[in-house]
Structures are given as structure tokens and as C-alpha cells.
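A short reminder: the numbers here are calculations on the coordinates, not readings from a lab. This one's a predicted model, so the numbers in the text were calculated from it and none came from an experiment. Positions of Cβ are generated from backbone atoms using ideal geometry, with glycine treated the same way; all protein chains shown enter the neighbour counts.
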Amino acid sequence: MNQAPNNQEMSGSETKTPPHAPSAGIRAWPVFLIAAGQLIATVLFSRYGTTNIQNGVALGGIPLAALVLTLVWWLAASKVPWWNRFAGVLLFAGAIAAVLFSQRSVEMGALLLAAALPYMIYGVAVVLAATYPVRWATKRWVLLVMLLCCTMVFCAMRVDSIAGNLRPVTSWRWTPTAVQRSVSLAEFLAQETANVPQTAGEDDWPDFLGANRDGYARGVRFSTDWETEPPQEVWRRPIGPGWSSFIAVGDYLFTQEQRGENELVTCYRADNGAPVWQNSIEAMFEDAMGLGPRATPVFHEGRLYTQGGAGILQCLDAATGETLWLRDVAVDADTRVPGYGFVSSPLVTDGLVVVFTGGDDGSNVIAYHQEDGAVVWQAGRRAAGYCSPQPGVVAGVPQILMASNFGIQAFNIPDGNVLWEHHWDIRTNPRCVQPVVKDNAYVMFGGTGTSGSRLLQVRSVDDGWQVEEQWSTRQFRPYFNNGVLYDGHYYGYDGDRLACLDLETGERLWAGERYGGQLLFVEDMALLLVLSESGHVALLRATPERFEEVTRFHALTGKTWNHPIVHRGRLYVRNAEEAACFELPQATTP
């Protein structure tokens with residue numbers, strides 16, 4: 001008679017969860033899948049992605065998608081108590097806001113947040129996996145501690161700039177900023193006179209990308225057996241921020257850098273890196289890409305021509321650094337300093353100093369008189385861009401090629417009249433890479449993102465000029481890394497991945513490592529010398545058959561975007577933190 005009630009009592013007791021049992025009702029497996037999917041997608045984009053758009057998807061798109069899926073799981077499928085769900089959303093939103101507004105601008109905060117979100121989501125998955133046997137009342141506090149720790153770590157970071165793959169370059173808040181580091185650099189106590197030749201020699205590097213602005217190192221040979229005989233460091237020194245490259249004339253190096261609130265043009269001895277003189281003006285430009293001037297000085301007939309990030313164009317005595325004349329490009333073009341600064345290296349040709357301004361129609365390119373800085377002509381369509389004026393001979397006519405976000409224009413040197421143009425608008429990012437001329441009749445240029453590259457055939461005809469597109473490809477999308485033309489092939493970058501392009505067909509023949517950075521071509525050895533964004537120097541064979549790295553060594557620390565140069569058997573490299581000189585090992589065979 002009493003058996004049934006006793007059975008009912010046992011059944012009821014079996015359905016109760018003891019207070020010490022794990023919270024088996026929490027559905028955690030979806031967040032494990034989300035975290036794993038995020039990791040796999042990130043690895044795949046890192047392995048196979050190339051362009052800045054793909055990098056942007058990897059940086060922001062994947063974490064955003066993972067965040068949305070995590071919120072859906074948390075609110076709709078996690079099975080945690082409802083008030084905990086709402087509290088968790090509020091706490092996560094607070095963490096996001098803390099990271100977002102922890103930087104000097106919302107844009108910088110957004111970059112840091114994109115880097116922080118994956119770790120927050122990984123953290124949730126790890127905590128739930130590690131505390132699986134623990135009841136929810138305890139588990140939720142572990143989640144809270146993880147979220148607070150992750151938020152504090154990222155809020156303790158400072159975004160200094162953006163890397164070539166769009167990821168933030170960070171440092172701890174208690175370390176000096178780029179401006180503070182530049183102020184702390186040793187002052188130029190010496191203001192000496194450099195014994196500079198009046199004209200550059202055949203083995204000098206007097207201009208942006210070399211004597212012909214083509215990235216060629218001519219008359220250079222050295223051993224490539226860097227395993228047994230690596231390049232020997234001759235000197236190393238700290239240097240002010242800036243993306244200017246070195247030029248080398250005679251026994252001296254010239255570059256531009258930032259020191260505190262002053263832009264400097266500096267001269268160093270090539271043999272030991274000792275400072276010789278400085279020219280200082282009160283100007284400073286800083287954006288998400290970094291601090292300091294961007295353009296490379298140009299040497300011509302005993303003078304230097306320089307353009308700072310804020311648009312100050314100077315002509316200096318190369319021996320003393322004395323200013324001979326000065327112009328404000330922004331004032332002359334009636335424009336503002338672009339959001340990315342003035343980056344154009346001046347072109348000195350036929351008695352003119354030609355610069356790109358990014359200004360309005362009719363003042364996008366300005367030519368100044370070489371001797372006194374008087375404006376000779378202004379021309380060009382309104383367009384932004386990073387490119388510098390490029391000299392070229394097309395159909396037998398010397399001209400100035402100017403690639404910009406408009407497309408490309410060719411100017412008559414004496415008067416600035418437009419000879420020909422090709423409209424190919426770009427909106428995703430500024431056009432950065434110098435155009436190249438092939439066989440006196442073809443011009444190739446390109447742009448990043450969805451643009452790609454094009455080859456134009458340009459003819460001089462009776463009634464003017466004829467421009468015909470030969471091919472257009474999206475397989476080769478150069479960003480800010482210049483390339484070189486050799487034996488009918490272009491070696492440069494598809495995004496940040498080194499690649500080879502057949503100039504006759506427009507076919508990308510191979511895509512290699514994601515070096516980023518910049519390169520030059522060692523003509524006598526048919527080798528590409530790459531200074532990667534991470535500060536490595538690599539040698540590669542310039543062959544269309546395959547990607548082949550010969551050797552490499554580590555040269556610099558920190559983000560490296562500056563072009564390398566080779567001068568008198570030595571390699572000179574710099575970035576925004578340090579400069580170094582290496583003796584290249586002598587060639588053992590002819």
C-alpha cells in the first residue's frame with residue numbers, strides 16, 4: 001500500500017540537481033564552434049589574403065561576424081539565466097566602449113578593438129571549456145574576471161600607427177611616444193660642411209629610387225653566401241621618425257626625419273653614420289601611418305630639394321644645409337595639407353622642380369624654377385595620391401608622368417601642357433606606386449583594392465596622342481610598395497605579397513611571400529633585394545619561372561617602409577626608429 005508513494009518520492013529526488021553539480025544546462029558548444037571558425041578564417045586570410053581589402057576583412061570583418069554570432073548564442077541559445085544574459089551584454093558593451101575610447105581618436109580605438117575582439121571571444125570559449133565541471137554561479141565570475149583582465153590589457157596599449165596589413169602597431173602606454181622618443185634623440189651638436197661633389201657620380205644614389213627613379217642598383221656585385229659570410233654591420237644609430245629614404249652622394253647620406261616639433265633634413269657621413277649638419281624648420285605631420293616627413297630628398301648640382309610632410313618645399317646647399325629658397329606648397333596650390341600629408345618626392349628636370357600637390361584642377365602639379373623657386377607652371381586634374389612625378393620618354397618625347405587617383409596624366413616638361421591622359425578613377429585607397437615605361441611605347445600603372453593594373457599603349461599621332469588599353473588585370477593590385485621592370489616582367493607587389501607579372505599578357509606568373517616593405521633591383525646579378533616591413537633583407541632571383549628566395553638576414557627592428565639603397569658596396573637601410581649600414585660581402589666569382 002505504501003510502495004507507490006515511496007517510488008514517487010524517489011523519482012522526484014532523482015530529478016533534482018545537487019547544489020554541487022556542474023551547470024550541465026549551459027549550452028557552450030556553439031561558442032566553441034564560433035571561436036574555432038574565427039581562428040580558421042583568420043589563418044586562411046593570413047595565408048592566402050593579399051590586398052588591403054582582404055586584410056581589412058581579416059582584421060574587422062571576421063571579428064565582427066564572430067561577435068554577432070556570439071551575441072546571438074548568448075541571448076538566444078546559451079541557457080544561462082535571463083538576467084545574467086542582459087548583464088553580460090551590458091558588461092561586454094562596456095568593455096567594447098572602454099577599448100574604443102581609450103585611444104587618441106575613435107579611428108585608432110576601432111583598430112585596437114578589432115584586434116581585441118578575437119581575444120575576448122577566445123577567452124569566453126577557453127573559460128567555458130576550462131570550467132566545464134563548475135556550476136554557473138562560479139563560472140560567471142570567472143568570465144567576468146577574464147573580460148575585465150582582457151579589457152585592462154588592451155586599454156593599457158597605445159596605438160602608434162598602422163602596419164601595411166592595416167593591423168595596429170601598439171606599445172604600452174607607459175613607454176615614450178614617437179614624438180617623445182624623437183625629442184630624446186641626441187642633438188646635432190656639429191654643424192659642419194660636407195665636401196659634396198657638384199655632380200653625382202655613376203655609383204651614387206642621388207634621387208628617389210636611384211639615379212633614374214627606376215629602382216636599379218647598377219654596377220654592383222657581391223657574394224650571396226650569407227650563411228657563411230653575412231653582411232657585416234658597419235654602424236647603427238637611432239634616427240628620427242619619418243618614411244623618407246636615404247640618398248647617397250660622395251661620402252655623405254641625406255634624409256629627412258622628425259625631431260620633436262621640427263622637421264629636419266639631415267646629412268650623415270656614409271662611412272660611420274656621424275652627423276654632419278641639419279636643417280630644421282618648425283613643422284610636424286602625424287597621421288595613422290606614423291609621424292614625420294614622407295618624401296625622399298633629391299640631389300642635383302650641389303643642391304638638395306626636399307618636401308616635408310606639411311608641404312614645405314626647400315632648396316638647400318648640400319654642403320652646409322643652408323636654405324637657398326623655400327615654398328609652401330599648400331599655399332601655392334591653394335589647398336589644405338592632405339589627410340596623409342605631402343608625400344611626393346620632388347622631380348628635378350630641365351631646370352624645374354616638379355611636385356605633386358593633391359590640389360584642385362589646374363594646380364595638382366606645380367613646377368618651380370630650380371634656381372629661385374619661382375612658379376613656372378601649374379597643371380593637372382584634381383586628385384589625391386601618394387605618387388611622385390615620374391620622368392619618362394614615350395614615343396620619343398620626354399615627359400612627366402603623374403599617376404594619381406584620377407588615373408594618369410603626361411605633362412610636357414617646359415610648359416606643363418597635358419600631352420595625354422587616361423582616366424581610371426580609384427576610390428578605395430590612394431594610388432601609391434610609380435608608373436613604369438616599357439619599350440618607349442607602353443605605360444603600366446595600377447592601384448590597390450579592387451583596381452589592379454593596366455598596360456597602356458601610347459602613340460604620338462598627327463593630331464595629338466592616342467592611348468589604347470592593352471590589358472587590365474585584378475590579379476596584380478599594388479599598394480604602397482614600388483616594383484621594378486626587368487626583361488619584360490614586372491617584379492612588385494600584389495597587395496603586400498611579392499609577385500611577378502608578365503607585361504605582355506598581364507598574367508601574374510607567381511605570388512610569393514608577404515614581405516611588405518620595399519625593394520630594389522641589383523642589375524648585374526639579376527637579383528631583387530627586398531627590405532621587408534619586419535626589417536629583414538632578402539635576396540630573390542628575378543625569374544618569371546618561380547618564386548625563389550636565395551638568402552636573408554635581419555637588419556632593422558620596427559615597422560620598416562623606407563626604401564633601401566646600395567652605394568659603393570654598402571647597403572644603407574632605415575625606418576622610423578633606427579638607421580644602419582652593412583658591408584656587403586665581396587663576390588668570389590666574376
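Details
- Pairwise label distance in nanometres, A374 with L90, each label 7 Å out on the Cα-Cβ vector: 7.3
- The GluC sites (Glu not before Pro) of the stretch 254-294 meeting both criteria, a DSSP state outside H, G, I, E and B (loop) and at most 14 other C-beta atoms within 10 angstrom of the site's C-beta, are E261.
- Spin-label model, E469 to E286: label points 7 Å out along the Cα-to-beta-carbon direction sit 4.2 nm apart.
- For a modelled paramagnetic label at E513, 7 Å from Cα along Cα-to-Cβ, the residues of the stretch 536-551 in reach, with backbone nitrogen under 12 Å, are 536-541, 548-551.
- Helix-only CD estimate at 222 nm, as mean residue ellipticity for the chain, using -39500 (n - 2.57) per DSSP H run (n ≥ 4): -6500 deg cm²/dmol
- Simple spin-label estimate for T557 and D225 gives 3.2 nm between the two label positions (7 Å along the Cα-to-Cβ direction from each Cα).
- Qualifying GluC sites (Glu not before Pro) in the stretch 515-579, where qualification requires a DSSP coil assignment and no more than 13 other C-beta atoms within 10 Å, comprise E545, E548.
- Efficiency of FRET between W82 and W174 - r from beta-carbon atoms, R0 51 angstrom, step 0.05: 0.80
- Options Q191, C149, A288, ranked by Cα towards positive dipole end of the stretch 148-299, top entry (Cβ charges): C149
- A simple rule links phi to the HN-Hα coupling: the Karplus curve 6.51 cos²θ - 1.76 cosθ + 1.60 with θ = phi - 60°, which for the stretch 314-324 gives 10, 10, 10, 6, 5, 7, 10, x, 5, 6, 8 Hz, with x for Gly and Pro.
- Straight Cα distances below 18 angstrom link K559 to the aspartates and glutamates D160, E257, E286, D287, D496, E513, E533, E577, E578, with same-chain residues fewer than 8 positions distant left out.
- Of the residues Y368, T175, V353, the one whose Cα sits farthest toward the positive end of the charge dipole of the chain, with +1 on the Cβ of Lys and Arg and -1 on the Cβ of Asp and Glu, is T175.
- With K and R counted +1 and D and E -1, the other residues having a Cβ less than 13 Å from that of D372 yield a net charge of +1.
- The angle separating the long axis of helix 136-155 from the principal Cα axis of greatest extent in the chain is about 10 degrees.
- When the trypsin sites (Lys or Arg not before Pro) in the stretch 90-146 are filtered for DSSP coil states and for at most 14 other beta-carbon atoms within 10 Å of their beta-carbon, the remaining sites are R104.
- Taken as Cα centroids, the stretch 335-358 and the stretch 56-98 sit 47 Å apart, rounded to the nearest whole angstrom.
- Proximal aspartates and glutamates relative to K438, as straight alpha-carbon distance under 20 Å, when same-chain residues fewer than 8 apart are discounted: D214, E421, E468, E469, D487, D494, D502, E504, E507, E523, D524
- Size descriptor, Kirkwood hydrodynamic radius, that averages inverse alpha-carbon separations across the chain, Å: 26.5
- Positive dipole terminus of the chain, leading residue within Y479, W205, G464 (C-beta point charges): Y479
- Dipole magnitude of the chain about its Cα centre (Cβ charges: Lys, Arg +1; Asp, Glu -1), debye to nearest 20: 3440
- Potential extension, E504-A587 segment - 0.36 nm per residue separation minus Cα distance: 26.5 nm
- Label point 7 Å beyond Cα of K438 along Cβ direction - residues of the stretch 503-520 with amide nitrogen under 12 Å: 503-509
- For the chain, the longest principal axis of the C-alpha atoms and the axis of helix 106-130 are separated by about 40°.
- Derived scalar couplings ³J(HN,Hα) [the stretch 248-265; Karplus, 6.51 cos²θ - 1.76 cosθ + 1.60; whole Hz; x for Gly, Pro]: 9, 9, x, 9, 10, 10, 10, 7, 10, 7, 10, 9, x, 9, 10, 8, 10, 9
- Computed from backbone phi, the HN-Hα couplings of the stretch 294-307 come to 10, 7, 9, x, 10, 9, 7, 6, x, 10, 10, 10, 9, 10 Hz, rounded to whole numbers (Karplus: 6.51 cos²θ - 1.76 cosθ + 1.60, θ = phi - 60°; Gly and Pro given as x).
- Length gained on full extension, V106 to D425, computed as 0.36 nm times the residue gap minus the Cα-Cα distance: 112.0 nm.
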